[in-house]
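J.: A single structure is presented below for examination.
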Amino acid sequence: MRFALLVIFIFSFLKLPAWALGEVSTHTLENGLEIVVIEDHRAPIVTHMVWYRVGAADEPPGKSGIAHYLEHLLFKGTDTLAPGEFSEIVDANGGMDNAFTSYDYTGYFQRVAADRLELMMEMEADRMQNLRLTEEVVRPELDVVLEERNQRTDSNPSALFGEHRRTLMFTNHPYRNPVVGWRHEIENLTMQDALDFYKKFYAPNNAILIVAGDVDPQEVFALAEKHYGPNQPSDQIAERMRPQEPPKRAPVVTTFEDPQVRQPYMIREYFAPQRKAGDQKEAAALTVFAELFAGSGVTSFLGERLVLEEKSALNVSAWHGSLSYDPNTFGIWVLPAPGFEPEEMQDRLDEALKAFLDEGVDADHLERIKGSIRASEIFALDDQSGIARRYGMALTSGLTVQDVKAWPEVLNSVTAEDIIAAVTRLIDPKNSVTSFLRAPKEIAQ
Amino acid sequence: MKQITAVFVAIFCWVAPALAAIEIKELKTPGGFTVWYIPEPAIPMISLEIGFRGGPLLDPDDKAGAAYLMTGLLEEGAGEYDSVAFAKRVEELSASFDFDATTEAITISTQFLKANTDEVVELLRLSLNEPNFDDVAFARVKAQVQSIVARRATDQGDIASDYFNSVAYANHAYGRPFQGTEQTIANLTQDDVRDAHKRSFAKDRIYIGAVGDFTEAELSDIVDKLFSALPETGGDFPDTTEFAAASTTHIVEFDSPQSIAVWGHEGIKQDDPDFFPAFVMNRILGGGGFGSRLTEEVRVKRGLTYGVSSYLASRDLAQFYGGQVASSNDRIADAIDVIRSEWKRMAEGGVTDEELEDAIRNMTGSYVLRFDGNAQIASILRYSQMDNFPIDYPANRNSFIEAVTKEDIARVAKRLLREEDLFFVVVGNPEGLEAEVVTRN
């Protein structure tokens with residue numbers, strides 16, 4: 001049992017699926033809908049997903065949360081389906097369905113028996129264009145979203161801390177706003193806001209259809225032509241140009257206090273390059289670095305120093321937000337041992353980073369990590385919807401199918417020199433936000 | 001949408017053949033172990049799922065948390081390996097070991113490449129049979145557990161369930177958090193951890209499921225190598241117990257914009273002849289997400305919550321029927337009113353033909369979706385044994401659900417659901433709720 005002391009979103013590449021054995025086929029319809037089919041014939045099950053290239057980072061100013069609110073409203077009926085009927089039909093067919101929103105994408109999926117695929121396509125194509133909303137169903141759903149914010153963010157100091165950190169890392173880019181939205185802006189979202197966003201962004205030429213499972217690719221393409229083919233492309237889809245970050249001129253250090261915190265910690269984040277189409281080498285070097293430096297508990301460079309030798313920390317981890325349309329962050333988390341303050345971890349981390357660059361990469365450790373990458377390509381074949389999700393995330397982050405297929409090899413070809421060079425570029429203090437979560441000092445124990 | 005309505009009646013024809021295709025085999029090894037398994041040569045990997053009944057339930061009260069801490073130490077060094085050497089060896093072999101303690105079991109999930117079988121089996125054998133529990137790792141992992149327990153003490157959801165259990169099972173191991181408390185963890189020693197190891201791992205409480213690229217002889221060899229050295233028996237199990245909370249509402253004050261409520265009363269045993277009717281009834285009342293009455297009434301119609309659900313908690317030694325909801329402080333009282341009236345409506349009126357049909361169609365149709373990958377299937381094979389199901393249960397499970405009638409549900413609803421007996425715990429600063437404000441024990 002790994003004591004994952006905190007739930008942090010960790011982009012651990014050990015969990016990345018591999019692409020080699022699950023055959024991948026692609027096709028694009030005339031109306032612009034891209035299709036990816038991933039074959040897995042072990043069981044008569046299919047995962048059907050539609051990903052839109054739109055998320056919270058594409059929202060108009062002052063309307064934070066509209067992408068996520070709209071995602072909820074997509075279940076509220078079309079010209080031919082009553083509110084809630086979509087899920088009822090999936091349910092009645094023994095399937096499960098859900099949806100998700102992030103900064104760069106909004107996705108809808110069903111898992112269902114393979115012979116129900118056409119029905120799913122028919123309904124998903126329908127709500128791509130024929131959404132019909134009424135005030136009667138839209139109002140209570142806004143309350144549901146506010147309750148979601150209550151439950152996931154406002155009652156959770158770690159989540160509030162995360163929101164706070166984003167506003168410091170991103171001073172101009174909309175990644176600074178929470179996906180769920182700021183409460184005062186959610187409260188004022190209207191049905192018209194949702195419909196405007198829907199009309200602008202929900203169209204076949206802004207979507208990717210991903211089907212994984214026991215299917216024949218040619219049959220999937222034909223069914224997609226039949227059901228998604230008639231949908232009209234939007235003429236409002238332009239290149240995604242979000243406000244970019246200005247040069248960062250000074251390190252940022254912040255302390256977030258909340259009386260409920262019993263497990264204080266430090267997070268250091270750097271503004272970091274993401275995987276880019278045809279150019280994934282820098283991101284690959286940082287992804288491998290995250291594993292070497294703090295990825296695997298006591299065998300990692302930072303874990304060995306702080307947890308085993310100094311005993312100043314109980315646990316460490318690192319992650320790289322490599323799947324992202326615009327540059328994102330590289331993060332390092334340190335949980336201090338009892339008797340140590342989170343603020344004390346800052347110098348220790350800086351010393352460890354310097355030592356890592358001075359000592360160079362441990363060749364055996366790098367080889368073990370690459371072995372894990374190769375093994376993870378095999379384990380990944382066991383996770384059908386996991387592979388589908390990775391394609392969806394990559395394609396909505398500006399990557400191609402080719403980039404996804406190449407990624408394990410790009411990781412595998414990372415050298416010690418690549419890592420040292422990438423880390424040297426990464427750890428410019430001006431690009432950093434160092435943050436401490438703690439209880440107010442007077443009541444801290 | 002004529003077309004759509006027309007197709008979904010065909011689902012029954014499909015379900016049975018799909019599950020029949022998943023044929024579970026049983027193996028008795030020379031060492032005396034029973035294994036449920038499915039060969040899956042498509043990927044050169046092996047998924048092994050092991051469960052030991054009891055786990056934290058076997059801790060004495062003053063040693064609560066010992067089994068949890070012990071489980072966390074299993075990957076921290078064994079045989080000639082210290083914790084770093086052990087971790088490096090796992091990395092070299094590209095294996096994944098997941099040791100986990102839950103309320104009443106310890107589980108071990110492993111995945112490894114077929115090519116590394118011998119080395120991985122040896123490492124896993126060492127970690128289970130010869131863990132070091134050395135000073136350094138003990139101090140470090142104990143501090144990690146203390147940190148987790150400290151965080152749980154300010155987590156609203158954990159406070160709610162811990163308080164609920166402490167009242168419902170006041171004089172039983174179910175009444176305490178299996179992770180232990182700040183006091184019990186602080187006092188644990190390495191000897192306590194060694195005792196927990198002796199209590200937990202034994203031949204009379206092990207359950208094994210396996211899926212992957214192996215022959216029966218290879219699997220048999222793996223299992224006997226791993227477990228032959230285990231003792232015949234371990235710690236004594238506590239007695240069965242009953243739900244002891246009175247019908248009242250307790251408020252645990254907590255500074256948060258929302259309140260979390262958990263509720264429950266006595267439940268139904270898994271081997272009760274009416275368990276399947278209760279199972280289907282729960283799906284309709286609050287177990288099925290969208291489409292369930294609670295979600296429809298509390299979330300969809302009134303927007304009072306993001307999530308509400310009910311569940312049958314049928315454990316080895318006790319059972320309750322309950323649920324959970326979160327609402328803002330000014331609306332939680334409304335949410336609880338709606339939940340109470342739905343509890344009553346089901347007890348008095350049962351379900352409609354249409355609700356029953358929908359529930360059966362979904363529950364039978366979606367069952368196959370759980371058989372999603374080797375690791376997932378191996379874990380189903382493991383827990384089906386721990387639930388005392390026969391080996392043909394996965395093949396027949398849908399027919400038990402299809403056999404449930406409206407009359408069955410009316411009967412079990414009347415017997416099981418007693419709105420007037422419900423015990424509610426509300427953690428937050430709820431407004432307009434008649435209840436007793438308590439302090440945490």
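The values are calculated or read from the model by the stated rules, or taken from the named source; none is laboratory data. Worth saying up front: this structure is predicted, and the values here are computed from it rather than measured. Glycine gets a Cβ as well: all are built from the backbone with ideal geometry, and neighbour counts include every protein chain shown.
J.: Counting only residues that are buried (at least 18 other Cβ atoms within 10 Å of the Cβ), among the small types (Gly, Ala, Ser) and free of Cβ contacts under 8 Å to residues at least 12 places away in the same chain, which one in region A:135-191 is nearest to B:Ile332 (Cα to Cα)?
T.: Taking the candidates together, the pick is A:Ser155.
J.: On to the next question. Somewhere in region B:90-109, is a residue of a type in the set (S, T, N, Q), assigned to a loop (DSSP other than H, G, I, E, B) and within 20 Å of B:Thr184 (Cβ to Cβ)?
T.: yes
J.: Continuing with the same structure: From the list A:Arg368, A:Arg390, A:Arg374, which residue is modelled with pLDDT under 95, assigned to a helix (DSSP H, G or I), more than 14 Å from chain B (Cβ to nearest Cβ) and out of contact with any strand residue (DSSP E or B) (no Cβ under 8 Å at 6 or more places or on another chain)?
T.: A:Arg390
J.: Does any residue of region B:364-382 turn out to be within 26 Å of A:Pro83 (Cβ to Cβ), facing chain A (nearest Cβ under 8 Å) and part of a loop (DSSP other than H, G, I, E, B)?
T.: Looking for residues that are within 26 Å of A:Pro83 (Cβ to Cβ), facing chain A (nearest Cβ under 8 Å) and part of a loop (DSSP other than H, G, I, E, B), one finds none in region B:364-382, hence no.
J.: Taking A:Val410 as the residue in question, decide whether it is over 26 Å from A:Asp97 (Cβ atoms), in a helix (DSSP H, G or I) and more than 18 Å from the chain's Cα centre (by Cα).
T.: Spelling it out, A:Val410 is indeed over 26 Å from A:Asp97 (Cβ atoms), in a helix (DSSP H, G or I) and more than 18 Å from the chain's Cα centre (by Cα).
J.: Another question, then. Do you know which residues across region B:143-174 are facing chain A (nearest Cβ under 10 Å) and in a helix (DSSP H, G or I)?
T.: From region B:143-174, those facing chain A (nearest Cβ under 10 Å) are B:143-157; that's our starting set.
Result: B:Ala143, B:Gln144, B:Val145, B:Gln146, B:Ser147, B:Ile148, B:Val149, B:Ala150, B:Arg151, B:Arg152, B:Gln156, B:Gly157.
J.: Within the group B:Phe86, B:Phe52, which residue is in a strand (DSSP E or B) and either in contact with a His (Cβ under 9 Å, 6 or more places away or on another chain) or within 14 Å of chain A (Cβ to nearest Cβ) (or both)?
T.: B:Phe52
J.: Sticking with this structure for a sec: Given the structure, is A:Arg132 over 20 Å from the mean Cα position of the chain (by Cα), at pLDDT below 95 and either surrounded by fewer than 20 Cβ atoms within 10 Å (Cβ to Cβ) or facing chain B (nearest Cβ under 8 Å) (or both)?
T.: Answer is no for this residue.
J.: Quick test for you: out of B:Arg152, B:Arg194, pick the one residue that is without any contact (Cβ under 8 Å) to a residue 40 or more places away in the chain and surrounded by fewer than 22 Cβ atoms within 10 Å (Cβ to Cβ).
T.: Numbers: B:Arg194 fails: without any contact (Cβ under 8 Å) to a residue 40 or more places away in the chain.
B:Arg152 is the lone residue from the list that is without any contact (Cβ under 8 Å) to a residue 40 or more places away in the chain and surrounded by fewer than 22 Cβ atoms within 10 Å (Cβ to Cβ).
J.: If A:Ala380 satisfies every condition in (1) in a loop (DSSP other than H, G, I, E, B); (2) of a type in the set (Gly, Ala, Ser); (3) touching a residue at least 40 places away in the same chain (Cβ under 8 Å); (4) within 13 Å of chain B (Cβ to nearest Cβ) but one, which is the exception?
T.: (1)
J.: Could you say whether any residue in region B:165-185 is surrounded by fewer than 19 Cβ atoms within 10 Å (Cβ to Cβ), out of contact with any helix residue (DSSP H, G or I) (no Cβ under 8 Å at 6 or more places or on another chain) and within 28 Å of A:Gly297 (Cα to Cα)?
T.: Within region B:165-185, one or more residues are surrounded by fewer than 19 Cβ atoms within 10 Å (Cβ to Cβ), out of contact with any helix residue (DSSP H, G or I) (no Cβ under 8 Å at 6 or more places or on another chain) and within 28 Å of A:Gly297 (Cα to Cα).
J.: Quick one: which residue in B:Lys25, B:Lys114 is more than 11 Å from chain A (Cβ to nearest Cβ) and basic (Lys, Arg)?
T.: Only one candidate passes the filter, namely B:Lys25.
J.: Across region A:55-102, what is the total count of residues that are within 9 Å of another protein chain (Cβ to nearest Cβ), within 23 Å of A:Val180 (Cβ to Cβ) and part of a helix (DSSP H, G or I)?
T.: Here the count works out to 1.
J.: Going by what's in this entry, would A:Leu119 be described as in a helix (DSSP H, G or I), hydrophobic (A, V, I, L, M, F, W, C) and within 23 Å of the chain's Cα centre (by Cα)?
T.: So A:Leu119 fails the test.
J.: Would you pick out the residues in region B:242-268 that are over 20 Å from the mean Cα position of the chain (by Cα), within 16 Å of B:Gly175 (Cβ to Cβ) and of a type in the set (Val, Ile, Thr)?
T.: B:Val252
J.: If you take the residues in region A:297-318 that are over 27 Å from the mean Cα position of the chain (by Cα) and farther than 15 Å from B:Ala143 by Cα, which one is surrounded by the most Cβ atoms within 10 Å (Cβ to Cβ)?
T.: Only one residue tops the list, namely A:Arg305.
J.: Suppose the filter is crowded, with 17+ Cβ neighbours inside 10 Å and closer than 29 Å to A:Met345 by Cβ; does A:Thr396 pass it?
T.: no
J.: Go through region B:35-58 residue by residue and tally those that are of a type in the set (D, E, K, R), within 30 Å of B:Gly175 (Cβ to Cβ) and touching an Asp or Glu at 6+ places or on another chain (Cβ under 9 Å).
T.: Within region B:35-58, the subset of a type in the set (D, E, K, R) is B:40, B:49, B:53.
From what is left, the residues that are within 30 Å of B:Gly175 (Cβ to Cβ) are B:49, B:53.
Still in the list and also touching an Asp or Glu at 6+ places or on another chain (Cβ under 9 Å): B:53.
Result for region B:35-58: 1.
J.: Scan region B:256-275 for residues that are crowded, with 20+ Cβ neighbours inside 10 Å and closer than 11 Å to B:Leu312 by Cβ and jot them down.
T.: Listed by number, the residues that qualify are B:Gly264, B:Gly267, B:Ile268.
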